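Below is one structure; the comments refer to it alone.
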Amino acid sequence: MAYYAKVVDKKVVNVIKADAEFFETFVDDSPGDWIEAFTDAGGDSTKRYNFCGIGDNYDAVADAFYPIKPYPSWTLNTTNYTWEAPVAVPSEPSYWDEENQQWVAM
């Protein structure tokens, strides 16, 4: 079995687990495309970089799934399709403070 994401206007709207043969008889008249998603993607470009969930993004040119932008100040790293804070993540457990643009130790 594999996972497939329904993508409409660059957004994942559904994720299902099915055999590839399922799509031989499956009829879906709604807009969008079903794209295979890999749970073990782990940044691998041949596996669309990331696994996806409903609401996540899909870039058809890069053939990449990537999550929703967590904060307005973060930028998308298009090498691995992950979001990065404007300040490096510290080694100790921390959370991002968007208002002050900094990591705060927990």
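Each reported figure results from applying straightforward, stated rules to the coordinates on display, with no laboratory input. Please read these numbers as outputs of a predicted model, since none were measured by experiment. FYI the Cβ positions are ideal-geometry reconstructions off the backbone, even for glycines, and counts take in every protein chain you see.
Where is the GNM fluctuation largest for the chain (alpha-carbon springs, 10 angstrom cutoff): ASN77, ASN50, ASN14?
ASN77
Assuming R0 = 22 Å, what is the FRET efficiency of THR46 and LEU76, from their Cβ-Cβ distance, to the nearest 0.05?
0.65
Please check: in the Gaussian network model of the chain (C-alpha springs, under 10 Å), which one of PHE38, PHE26, PHE51 has the largest mean-square fluctuation.
PHE26
Which FRET efficiency value, to the nearest 0.05, do you get for LYS69 and VAL27 by plugging their Cβ-Cβ distance into 1/(1 + (r/R0)^6) with R0 = 22 Å?
Efficiency for this residue pair is about 0.05.
Find how much the distance from ILE54 to VAL87 grows on full extension, using 0.36 nm per residue of separation minus their present alpha carbon separation; answer in nm with one decimal.
9.1 nm
Rounded if a/c is under 1.5, else prolate if a/b is larger than b/c, else oblate: which is segment 1-69, with a ≥ b ≥ c the root eigenvalues of its Cα gyration tensor?
oblate
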